[in-house]
Amino acid sequence: MDNIDIARRIVELSGGKRNIVSNSVYKTELIIKLKKLNKVEITNFMEIGEALGVSAEEGNIIKILFRADRVNLIGEELSKITRTKLNEVTEEERERSREQKESQEIQKISSEISQKIEKIEKEKIKEEKRRELEELKKISPFSRFLRKILNIFLPLLPVLVAAGFIQGVTNIADVLPEGKIFIDTWWYQVLKTIGWMAYAYLPVFVCMNATKEFKGNKILGGVIGLLFVGNSAMPLLGMVNRLPIILPFSNKPYFPEIGGLLIALVAGITAAFVERGLRRIIPGILKDFFVPLLTLIISAFVVIFITQPFGGLLIKQIYGSLNVLFEQKEILGGLVLSVLYFPLSLVGLQGALISINSILNDPEGPTRGLNYILPILMMASGGQIGAAFAIFIKTKNRKMKKIIRGVLPVSILGVTEPLIYTVTLPLIRPFIMACIGAGAGGALAAFFNLSTEKASILGFFGFLTVAKGTHFFFIAAMMGAYLGGFILTYFFGINEKRINEVYGK
């Protein structure tokens with residue numbers, strides 16, 4: 001083929017002369033820029049007998065390799081046909097093209113590396129999840145259940161600590177003479193409301209987290225949790241609690257509460273299992289309506305019918321025991337009462353004790369306003385704090401130590417819920433040892449005949465509320481509760497393997 005035939009064939013294979021924008025020559029390369037490259041089949045250029053090679057680049061560019069003695073001649077003939085000027089490519093333009101090509105190659109390599117890294121990270125995450133599942137399989141079923149309980153309360157920890165600190169400080173301010181000036185200020189009442197609100201509606205959050213943890217709808221759990229929030233307008237309070245308990249030393253009836261946080265926890269788990277069960281048996285077309293409807297109804301009635309009879313029976317026994325304590329003020333009664341306070345609180349039966357407190361705090365009541373039971377109840381928090389110190393000193397688990405550091409200051413201020421629900425209760429044994437250890441403080445409080453004259457403050461700062469001249473005895477009793485909880489937990493309440501299984505290493 002002569003040069004003219006080669007040029008005509010190039011035009012034909014390039015989609016016609018209207019598709020050619022420009023052509024140029026660089027050494028042995030004929031460089032053609034096209035309007036549209038998708039109309040061209042690159043491999044067809046090798047049909048030209050004189051072509052030594054062909055390639056395509058970004059920018060709709062085709063490069064055809066010819067012999068050095070013919071490339072310029074072919075380029076000139078191509079320019080005549082397409083009526084374009086034959087441009088010589090300078091070394092600078094060639095270098096720029098080379099740099100552009102290298103940049104594209106670098107981007108391609110970088111993209112490939114990123115994809116490989118992403119793939120490795122995904123595989124790493126899968127491997128970590130696999131290992132986590134393998135570790136979970138090695139953990140005992142009871143420890144797995146305790147870990148779920150911890151997962152319910154741990155997300156609430158920041159709010160409980162913050163609101164607990166506010167509540168503790170404002171409670172102390174309420175009993176100090178200097179704090180009276182704040183009581184009628186709006187900003188102080190805002191602070192008190194924040195501290196009160198988090199704990200008043202805590203059953204709602206517990207129910208939500210419990211339902212979510214056991215793979216149910218957390219909003220349905222939250223609605224069930226509202227059952228455990230006291231509200232004078234709630235019809236339930238006037239209908240379900242129809243079995244009032246008459247206090248042995250008062251003609252005023254007491255209506256037992258539905259339940260505490262432990263019952264709220266049970267309610268949330270119940271809601272999750274009820275919902276999951278209903279989803280399995282109700283046909284798909286009816287699920288959206290009947291599953292939430294029946295979950296709310298069934299869960300509410302199950303919890304109420306299980307807890308109410310048990311709660312009423314237990315409260316009668318509590319009142320009978322407290323009557324003996326009230327009349328005789330025995331040391332054994334103080335020990336038992338301080339030991340049982342937090343277990344009763346878990347199921348919402350602390351209301352029985354609060355009701356008695358209101359009677360004893362009455363200046364016209366049987367004790368003329370001196371409350372001999374409240375100092376004993378305050379010792380319960382001391383046992384939990386002592387247990388936390390024991391765990392902090394003995395355990396090597398960093399996560400556990402971090403949690404204890406966060407909740408201890410609030411607990412010393414008298415708000416012990418964060419400590420109980422994130423440290424002692426999820427491990428069971430430390431909670432039991434703490435309750436028993438608190439009995440030492442309760443026995444001392446009864447022995448010293450301690451009484452309070454002001455509004456209650458749980459915890460160490462309760463010494464601000466006791467009768468004059470007994471502050472030192474209160475502190476001594478609280479130290480006894482600290483020490484009792486510490487010793488029993490340190491020697492009998494810590495299982496490092498259980499801590500690592502529940503909290504993770």
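For region 403-442, the normalised intensity computed at q = 0.15, 0.32, 0.34 Å⁻¹ comes to -0.34, -1.06, -1.07 (log10 of I(q)/I(0), Debye sum over alpha carbons, equal scatterers, no solvent). For region 3-89, a crude dipole built from +1 on the beta carbon of Lys and Arg and -1 on the beta carbon of Asp and Glu, taken about the Cα centre, is about 400 debye to the nearest 20. Listed by Cβ neighbour count within 10 Å, with the fewest neighbours leading, Leu154, Leu425 appear as Leu154, Leu425. The packing ranking of peptides 165-176, 371-382, highest mean first, is 371-382, 165-176, where packing means the average number of other beta carbon atoms within 10 angstrom of each residue.
Count Lys and Arg as plus one, Asp and Glu as minus one, and take only other residues whose Cβ is under 9 Å from that of Leu146; the net charge is then +3.
By other beta-carbon atoms within 10 Å, ranking Phe290, Phe389 with the fewest at the front produces Phe290, Phe389. Modelled this way, with points 7 Å down the Cα-to-C-beta line, the labels at Lys35 and Ser103 are 2.8 nm from one another. In plain terms, the residue of Thr43, Thr82, Thr424 with the fewest other Cβ atoms within 10 Å comes first and the most crowded comes last, giving Thr43, Thr82, Thr424.
For region 3-89, place one equal point scatterer on every Cα, skip the solvent, and apply the Debye formula. What is log10 of I(q)/I(0) at q = 0.17, 0.18, 0.26 Å⁻¹? Relative scattering, expressed as log10 I(q)/I(0), comes to -0.57, -0.64, -1.58.
Each 10 Å bin from 0 upward holds the following percent of the Cα-Cα pairs of region 367-505: 14, 44, 27, 12, 3, 0.
Each value in this text was obtained by applying a stated rule to the coordinates, not by laboratory testing. Since the structure is predicted, the reported quantities are computational estimates derived from the model, not experimental observations. We place every Cβ from the backbone using ideal geometry, glycine too, and count neighbours over all the protein chains shown.
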